[in-house]
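So the structure is just underneath, and the comments pick up after that.
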Amino acid sequence: MKKLAYIFLLLSFACMTNKVPHSSQFSETVFDKQGHRGSRGLMPENTIAAMYKAIDLGVTTLEMDASITKDQQVFLSHEPFFNHEISLQPNGEPIEEAQEKSFNMYQMDYAQVIKYDVGLKPHPRFPEQFKKAAVKPLLSQVFDSVIAYCALTGKPVPQFNIETKTLAKTDNLFHPKPEAFVDLLMAVIYSKNMAPKVIIQSFDIRTLQYLHQKDPTIKTALLIEDFDKKPFALQLKDLGFIPSIYSPAHQLVTALLVKQCRDIGIQIIPWTVNDISTIKALKKMGVHGVISDYPNLFSQL
C-alpha cells in the first residue's frame with residue numbers, strides 16, 4: 001500500500017506539471033552507453049582524442065563537462081581551474097594541488113587556456129590512460145570534430161551529454177550565474193544545429209530550471225550525488241518539472257528506484273560505473289544506460 005501511495009504521489013506531481021514524457025519516446029532496445037568525459041580511463045579527459053576513442057568503442061553518448069572563460073567562450077573542463085592531476089603550465093611545470101584554484105580559467109581568455117597541456121601528465125588514478133599532448137577544446141570544436149570523425153569512419157553521430165559546472169557559492173567567481181551560463185552554452189548548441197542531439201545535465205538544479213523555462217524541448221538530466229538521501233519524489237518536487245533523465249550515483253540505484261522512474265516515463269542512467277559486473281547487474285535491473293570511464297567495457301555486454 002505504501003509503495004502504491006508513493007507512486008501515486010509521483011504520478012500526481014507529473015500530471016500537475018503537465019510534463020510527463022511518454023515512455024514510448026525511449027527506446028527499450030538501445031542501452032545508452034555513455035563515455036564519461038569521453039573515455040577518461042583510456043584517454044585524457046574532456047579532450048577531442050577522448051571523444052574519438054569513445055566513438056571507436058561504439059558509445060551511443062559522449063558525456064562531457066562545460067566551463068566558461070573570461071571572454072565568454074564555452075569549452076570542455078570538469079573544473080573551472082586547472083586541476084593539478086592533469087595539468088601542466090605553459091612552461092611545462094606541474095601545478096601544485098594547493099595552488100590549483102588560483103589557475104582560474106574564468107579569469108583567463110581562451111587564448112591563455114590553450115597554452116596549458118592537459119594530456120601529458122600521468123594520471124594517478126587512471127594508469128591505463130594513454131598520454132598525448134592535448135588542450136581543453138571549445139565545445140564548438142568538439143561538435144565539428146565529432147561530426148567530421150563520424151563521417152570519416154562511417155559511424156553514427158552520438159548524443160552529447162553536457163554538464164553545466166555551476167555552484168551557487170562560486171557564481172561570478174569561477175563561472176557566470178546560471179542564466180548567463182545557459183545562454184552562452186545554448187548559443188553554441190543552436191549555432192551548430194545540435195539541439196536534437198544534446199542532453200543538458202547538472203547537479204545544480206538552477207541551470208536545469210532556467211533551461212526548461214527557456215526551451216522545454218531540450219532533453220535534461222538531473223544528476224544526484226551519492227550522499228543525497230532525499231526521497232526521489234522530493235527531488236523532483238524541488239526541481240519543479242519532470243526531466244528526461246534521472247542520473248544518480250550508481251550506488252543509489254535499487255529495483256524500486258528503477259521502477260519509480262519507469263512508472264513516470266523517466267530514463268534512469270547512473271554514473272560512474274567502471275566494472276563490468278556492476279554494469280551487467282544494473283542493466284539486468286532495468287536501467288536505460290550507464291556512464292563509464294571505460295567504454296571498452298561495453299563490448300562485454
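Points to keep in mind about this one:
- Mean Kyte hydropathy of -0.5 or more with a Cα span along the axis of at least 18 Å, helices from DSSP in the chain: 2-17, 139-153, 178-191
- Inter-part distance where the range 141-163 and the range 236-301 are each reduced to a Cα centre, Å: 23
- The simple Förster model, with R0 at 25 Å and r as the Cβ-Cβ distance, assigns D144 and V30 a FRET efficiency of 0.50.
- Of K53/K230; K53/K165; K165/K237; K101/K121, pairs whose Cα-Cα distance is over 27 Å: K53/K230
- Directionally averaged projected area (convex hull, Cα atoms, the range 208-255), nm²: 3.5
- Peptide ranges 284-291, 145-152, 174-181, 35-42 listed from the most packed, as the mean C-beta count within 10 angstrom indicates: 35-42, 284-291, 174-181, 145-152
- Length available on full extension from N91 to Y190: 0.36 nm per residue minus the Cα-Cα distance, which gives 32.0 nm.
- Note on the range 149-253: Cα-only Rg and Dmax are 15.0, 46 Å.
- Among beta bridges from DSSP that stay inside the chain, the antiparallel ones total about 20%.
- Three-way shape call for the range 116-177 based on the alpha-carbon gyration tensor, with the a/c threshold at 1.5: oblate
- Ordered by the count of other Cβ atoms within 10 Å of each Cβ, fewest first, L234, L57, L139 give L234, L57, L139.
- Placing a pseudo-label 7 Å from each Cα along the Cα-to-Cβ vector at K214 and K70 gives an inter-label distance of 2.4 nm.
- Scaled against 2.2 N^0.38 Å for its residue count N, the alpha carbon radius of gyration of the chain is 0.99.
- Gyration tensor verdict on the range 47-132 (Cα atoms; rounded if a/c is under 1.5, prolate if a/b is larger than b/c, oblate otherwise): oblate
- Extension gain from V157 to M285, taking 0.36 nm per residue of separation minus the Cα-Cα distance: 43.3 nm
Each value in this text was obtained by applying a stated rule to the coordinates, not by laboratory testing. None of the values given here were measured: they were computed from a predicted structure. A quick note on method: Cβ atoms are made from the backbone with ideal geometry, for glycine too, and the neighbour counts reach across all protein chains shown.
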